[in-house]
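Enquirer: There's a structure below that I have some questions on.
Just so you know, all these numbers are worked out from the coordinates, no wet-lab data involved. Source: prediction; values computed, not measured. Methodologically, a virtual Cβ is constructed for each residue, glycine included, from the backbone with ideal geometry; neighbour enumeration extends over all protein chains shown.
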Amino acid sequence: YTVFRNGLSNASGFMNNNTATTYVPGSANGTHTYYVQVVDPSGNYKNSSTITWTIDQILPVPTNLTANNTNFSTASPSFAFNVTDNTAVSTINITLFIDGVVNGTTQLVANNTNLTISGTAVSNGTHTFVIQAIDPAGNAANTTQGTFTVATPTTLFNVSITVPATNSTNITNVTQNL
């Protein structure tokens, strides 16, 4: 028999009729097509059907596009990012981590597309975030950790002022939230 990888002879050997053998290919990253050609003692050749698979051990490359130390006035911030992958023709899984915990937001994105991912509500203060990308082969990579600050407007106190109208016995109430 002869094993062909991508149309070129890759390995060969001899075996007895009705026996099995195992071939473990040493292939590089990329898409490969294999088939086996056998020849009987009379010199008759027969090819197996082809098998094609992709070997992908290269990590995707997620890039954080949101500036480090960004200030948000909303408790549910959004982060801009891009992710590229060497072989992904389908979607790439993206997960947002805030303070080291999955923030409840996962989405599938197309390769090499600028997008945003929104987080769920977090408390006021400084937080860390990481965006993780997992390609279709299961290779995972994270962006560099960034920080952001949430400062949502809040009512600090109420002031009520009671002022009598000029030349009147009527009282006007004014309330201001600060």
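Enquirer: So, counting K/R as plus one and D/E as minus one, what does the shell of residues with Cβ under 10 Å around Asn86 add up to?
Expert: Values: positive: none; negative: Asp56, Asp85, Asp135.
Overall, the nearby charge balance is -3.
Enquirer: Can you tell me the order of 134-142, 32-40 when each peptide is scored by its average per-residue count of other Cβ atoms within 10 angstrom, highest first? Please list the in-between numbers first.
Expert: Working: 134-142: 16.6, 32-40: 13.8.
Ranking, from highest mean packing down: 134-142, 32-40.
Enquirer: Using a basic spin-label model with each label point 7 Å from the Cα along Cα→Cβ, how many nm lie between Thr147 and Ser48?
Expert: Between Thr147 and Ser48, the label points sit 5.7 nm apart.
Enquirer: Roughly how many nanometres apart are two label points built 7 Å out from the Cα toward the Cβ at Ala67 and Thr113?
Expert: My value for the distance between the label points is 2.7 nm.
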